[in-house]
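The values are calculated or read from the model by the stated rules, or taken from the named source; none is laboratory data. Since the model is a prediction, treat every value here as computed from it, not as a measurement. All Cβ positions, glycine included, derive from the backbone under ideal geometry; neighbour counts span all protein chains shown. Only protein heavy atoms, including side chains, enter the accessible area calculation; ligands, DNA and RNA are left aside. Shrake-Rupley method; radii C 1.70, N 1.55, O 1.52, S 1.80 Å.
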Amino acid sequence: MRTNATFKILSWDEEPFDEPEDGPKLTRAHIRKSFHGDLSGTGNLMYLMTHFEDGNATFTGFEKVVGALHGRSGSFVFQHTGSYDGQTATADYEVVPGSGTNQLTGLSGTGSFSAGHAEEHDMTLDYKL
């Protein structure tokens with residue numbers, strides 16, 4: 001099945017953990033999100049990020065989503081991998097195997113998003129349950 005939804009970033013708390021004079025800066029970012037559409041609920045996300053001098057970045061992270069997917073309630077975890085080109089963040093993600101709970105037990109799937117500076121961002125999730 002395919003899910004179409006939007007997400008909104010509610011908070012973004014980012015701090016460096018390595019800022020060398022030469023080379024990229026490393027940060028960790030704690031992000032809280034809300035989801036609307038076929039996927040509704042909240043997300044609690046932690047990114048580890050590499051920031052380059054040209055404004056680009058790469059990131060990876062894990063996000064616990066609590067809510068409902070096409071009316072089935074529970075939670076699951078996404079694993080994200082993505083990049084930022086100075087204007088737009090793009091990422092692919094997959095449901096971590098075995099992370100689904102309650103009516104989402106057994107959930108598997110992959111998806112993607114592209115997010116600029118708008119308030120809400122489109123996302124997709126192709127999944128099996």
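Some observations on this one:
- Net charge of the neighbourhood of L107, taken over other residues with C-beta under 10 Å away and scored Lys/Arg +1, Asp/Glu -1, is +2.
- Heavy atoms of Y84 accessible to a 1.4 Å probe, total area in Å² rounded to 10: 70
- Summing +1 for each Lys or Arg and -1 for each Asp or Glu among the other residues whose beta-carbon sits under 15 angstrom from that of E19 gives -4.
- Only the Cβ atoms of Lys and Arg (+1) and of Asp and Glu (-1) were treated as charged; on that basis the dipole of region 1-48 about its Cα centre amounts to roughly 520 debye.
- Accessible area per residue was computed with a 1.4 Å probe on protein heavy atoms; S114 scores about 70 Å².
- About the Cα centre, charge dipole magnitude for the chain (Lys/Arg +1, Asp/Glu -1 at Cβ), debye: 920
- Average accessible surface area per residue within the chain, 1.4 Å rolling probe, Å²: 55
- Computed over protein heavy atoms with a 1.4 angstrom probe, the accessible surface ordering of I9, I31, largest first, is I9, I31.
- Atom-type composition of the exposed protein surface of the chain places 49 percent of the accessible area on carbon and sulfur (1.4 angstrom probe).
- Put simply, the C-alpha atoms of the chain give a gyration tensor, and the ellipsoid matching it has half-axes of 28, 15, 12 Å, longest first.
- Cross-link partners of K128 among lysines (Cα-Cα below 20 Å; sequence separation of 8 or more within a chain): K64
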